[in-house]
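The next block holds one structure in the form of structure tokens; read it before the comments.
The values are calculated or read from the model by the stated rules, or taken from the named source; none is laboratory data. Nothing here was measured: the structure is a model prediction, and the numbers come from that model. Every residue, glycine as well, gets a Cβ built from its backbone with ideal geometry; the counts of neighbours run over all protein chains shown. We work out accessible area using only protein heavy atoms, side chains counted, and drop any ligands, DNA or RNA first. Shrake-Rupley method; radii C 1.70, N 1.55, O 1.52, S 1.80 Å.
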There are 2 protein chains.
Amino acid sequence: MNIRDLVYLRAIARHRHFGKAAENCNVSQPTLSVQLQKLEATLGVILIERTKRAAMLTPIGEKVLALAEDALGAVDAIHSITADASDPFSGQFRFGSIPTISPFLVPKVLGVLGEKFPRLELVFRENITERLTEDLLNGDLDAAILATPTETPRLMAIPLYEEPLMVIYPLGHDLASLDDLDVSDLPLDQMILLTEGHCFRDQTVDLCRLQSKMTLSETSVTSLETIISLVAAGQGISIVPALAHSSGWLDRPQIGVKPLRSKTATRQLNLTFRKSSPRRALLEAVAEQMARVLREG
Amino acid sequence: MNIRDLVYLRAIARHRHFGKAAENCNVSQPTLSVQLQKLEATLGVILIERTKRAAMLTPIGEKVLALAEDALGAVDAIHSITADASDPFSGQFRFGSIPTISPFLVPKVLGVLGEKFPRLELVFRENITERLTEDLLNGDLDAAILATPTETPRLMAIPLYEEPLMVIYPLGHDLASLDDLDVSDLPLDQMILLTEGHCFRDQTVDLCRLQSKMTLSETSVTSLETIISLVAAGQGISIVPALAHSSGWLDRPQIGVKPLRSKTATRQLNLTFRKSSPRRALLEAVAEQMARVLREG
DNA sequence: TAATTATGATAGGTTTTGTCTATGAACATT
DNA sequence: AATGTTCATAGACAAAACCTATCATAATTA
């Protein structure tokens with residue numbers, strides 16, 4: 001059976017006339033005759049009672065027509081939702097980011113994207129890199145802002161921003177007197193870290209292990225906010241992403257902030273998504289907006 | 001768009017794999033690839049995100065699939081109701097008969113048809129010939145038991161029974177002494193007739209005008225039952241169909257019954273229906289049962 | 001009653017669509 | 001690097017839909 005046949009049936013039922021129905025369907029009258037006969041043959045039932053005066057539905061034809069209208073309604077609905085969705089900048093856009101980025105970036109990004117792509121329905125989800133990657137792979141997420149290069153073969157990334165890292169310390173700390181900080185200058189035993197699972201912890205730890213021989217502290221907390229509070233309370237020092245500074249999170253009287261000199265003391269923010277994603281154009285446009293927000297603040 | 005394409009979409013969505021879906025649909029994998037691409041092209045939307053690992057639905061694909069399932073459900077329903085209805089002795093059978101037949105015939109006919117055709121859903125409607133003919137023509141009725149030959153060109157009839165006519169009179173009436181009655185023997189001024197619209201009135205009047213010069217009475221009532229009551233009360237005589245007699249309606253102590261001698265004093269009962277009716281087999285079987293009931297009582 | 005008109009069915013040929021096999025390209029796994 | 005898996009592409013072939021021309025039958029009109 002063909003959807004076209006159901007359209008023909010509907011037309012014949014409405015016009016009660018093969019010729020007019022054919023005209024309405026933009027086909028010839030024999031086409032309609034033949035196709036309806038085929039439909040009737042496949043169903044094993046006479047749907048239309050033919051007269052020279054009027055073609056009328058049989059009782060079973062009425063029932064079939066009612067169901068055909070249901071089917072055609074669903075098909076029409078498919079056409080209408082896909083017509084809307086053929087605009088690449090419409091529909092849901094589900095993206096995530098990691099906890100060490102989202103508080104500084106996402107509020108602004110949501111605002112800008114909402115303004116630039118008003119037909120886009122934005123859905124945001126915060127999680128650690130591992131979970132976001134899973135969600136990307138199984139299709140629950142369209143994109144994620146990550147700070148780690150994509151190792152998963154099915155994913156790819158557009159670079160957004162190379163973010164410097166900053167040292168924060170209590171104002172009275174020895175570090176306050178040094179001008180140009182390097183990792184080797186840091187008292188690593190005083191370092192407050194994020195707990196396992198945060199990619200930013202791994203990056204910090206790698207950086208320290210690479211550039212300093214001092215033993216790392218084992219103090220760890222679950223959020224940058226807690227780190228900042230502890231530093232403000234004079235409980236240690238830490239390394240935080242520059243965005244935390246430019247977003248005003250470090251504007252506290254008890255905290256000093258200094259950049260790290262090393263060129264490797266940065267993290268690379270990327271917009272990561274499936275290589276197979278059919279929404280490349282949208283993803284690139286979104287990445288461009290995000291990069292602009294990051295550059296221009 | 002083709003219903004088959006929706007089946008393919010569903011299969012790919014379920015198996016998340018073109019090859020397995022193709023196997024499931026009994027077609028080759030390229031067929032599925034090509035057809036899905038065509039579907040996506042006509043809709044202007046990517047429905048499936050292809051990976052070497054799994055083929056997964058895009059968000060719009062999910063929505064389209066949901067609607068496709070609706071459409072396929074309706075199509076399945078069409079197949080299932082038509083499979084049931086392909087039995088010619090199933091479904092609704094809507095028939096009617098005129099008031100001067102139905103009380104004697106329909107109770108028995110309903111019983112017999114219900115027994116012989118248990119899958120048939122019988123719907124009965126009593127009305128005068130004119131209304132029944134209208135209902136036949138516009139398709140609201142499948143058949144009607146009428147006592148008039150079909151004049152309408154689009155209708156045809158199967159003869160059921162040639163029914164004699166009987167004279168009824170009050171027991172003390174003059175007619176009681178005559179043996180073999182003819183219309184010309186009847187005192188037409190005492191005749192009680194049915195009201196206009198009943199074909200049986202017309203037939204009676206025609207018969208009397210043809211075979212007698214006496215002026216007809218103008219007394220008329222709306223039912224045979226009233227006629228019988230009036231005759232029983234000694235208010236006149238009448239002509240009634242033989243079925244009224246054989247059905248026991250005339251078994252009253254005050255009423256005498258005699259047949260009319262004339263060979264034209266009969267009415268022909270027919271099963272009338274549209275020439276174009278697609279249910280010829282059923283109609284003929286039904287007519288046969290009705291004729292049997294009429295013959296065998 | 002006969003001619004005319006209207007309607008749906010049928011036949012034969014053309015175009016469009018669907019399907020197959022064979023093969024290719026991209027990626028994942030060994 | 002080699003192998004295997006997966007979907008896409010190409011070209012040939014088959015099926016289906018469609019069109020024009022024509023027919024048969026019924027309804028209408030002369």
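What total accessible surface area, summed over both chains, is buried at the interface between chains A and B, computed with a 1.4 Å probe and given in Å² to the nearest 100?
Chains A and B together bury roughly 3300 Å² of accessible area.
Under a cut-off of 22 Å between alpha-carbon atoms, report the lysines in cross-link reach of A:K263, not counting same-chain residues fewer than 8 places apart.
A:K213
List the residues of region A:20-56 whose backbone N lies under 15 Å from a point placed 7 Å from the Cα of B:R280 along the Cα-to-Cβ direction.
Residues passing the 15 Å test: A:46, A:49-51.
Treat each spin label as a single point 7 Å out from the Cα along the C-beta direction, and report the A:L210 to A:D185 distance in nm.
2.0
In region B:56-145, which trypsin sites (Lys or Arg not before Pro) fall in coil by DSSP and have 15 or fewer other Cβ atoms within 10 Å?
Loop-located and lightly packed - B:R119.
What is the local net charge at B:D185, summed over the other residues whose Cβ is closer than 15 Å to its Cβ (Lys, Arg +1; Asp, Glu -1)? Write down the numbers at each step before the final one.
Details: positive: B:K213, B:K258, B:R261; negative: B:D174, B:D179, B:D180, B:D182, B:D189.
Combined, the nearby Lys, Arg, Asp and Glu give -2.
Computed FRET efficiency, Cβ-Cβ of B:E162 and A:E69, R0 45 Å: what is it to the nearest 0.05?
Given R0 = 45 Å and the Cβ-Cβ separation, E is 0.40.
Hey, which aspartates and glutamates would be in cross-link range of A:K116, C-alpha to C-alpha under 20 Å, not counting anything within fewer than 8 residues on its own chain?
A:D84, A:D87, A:D142, A:E284, A:E288, A:E296
Which value results for Rg/Rh of region B:3-85 when Rg is the Cα radius of gyration and Rh the Kirkwood radius based on the inverse mean 1/r? Working shown, then result.
On the way: Rg = 13.3 Å, Rh = 13.1 Å.
For region B:3-85, the value is 1.01.
Can you give me the relative contact order of region A:3-85 as a percent, contacts being Cα pairs under 8 Å and 6 or more apart?
Worked out over region A:3-85, it gives 27 percent.
Let's test the formula: R0 of 25 Å, r as the Cβ-Cβ distance of B:D76 and A:R14. What FRET efficiency results, to the nearest 0.05? Don't skip to the end; give the middle numbers.
Details: r = 24 Å, r/R0 = 0.96.
E(calc), rounded to 0.05, equals 0.55.
With springs only between Cα atoms under 10 Å, which of A:T129, A:T58, A:T82 fluctuates most in a Gaussian network model of chain A?
The residue that fluctuates most here is A:T58.
Report, to the nearest whole %, how much of the accessible area of region A:161-266 belongs to carbon and sulfur atoms, 1.4 Å probe, protein only.
C and S atoms contribute 48 percent here.
Taking the Cβ of A:A144 as the center, what net charge do the other residues with Cβ under 12 Å away carry, scoring Lys and Arg +1 and Asp and Glu -1? Walk me through the numbers before you get to the answer.
Working: positive: A:R94, A:R125, A:R131, A:R274; negative: A:E126, A:E130, A:E134, A:D135, A:D140, A:D142.
My count for the surroundings of A:A144 gives -2.
Percent antiparallel among DSSP beta bridges with both residues in chain A, to the nearest 5? Working shown, then result.
Details: 23 of 37 bridges.
So the antiparallel bridges amount to about 60 percent of the total.
Go through B:K38/B:K63; A:K38/B:K38; A:K20/B:K63 and tell me which ones have a Cα-Cα distance over 28 Å in this structure.
From B:K38/B:K63; A:K38/B:K38; A:K20/B:K63, over 28 Å: A:K20/B:K63.
Among B:V112, B:L141, B:P59, whose Cα projects farthest towards the positive end of the dipole of chain B, with charges put on the beta-carbon of Lys, Arg (+1) and Asp, Glu (-1)?
Toward the positive end, the furthest listed residue is B:P59.
Give me the mean projected area, in nm² to one decimal, of the convex hull enclosing the Cα positions of region A:153-297. Spell out each step's value before the answer.
Values: hull surface 38.3 nm².
For region A:153-297, averaging the hull's shadow over all directions gives 9.6 nm².
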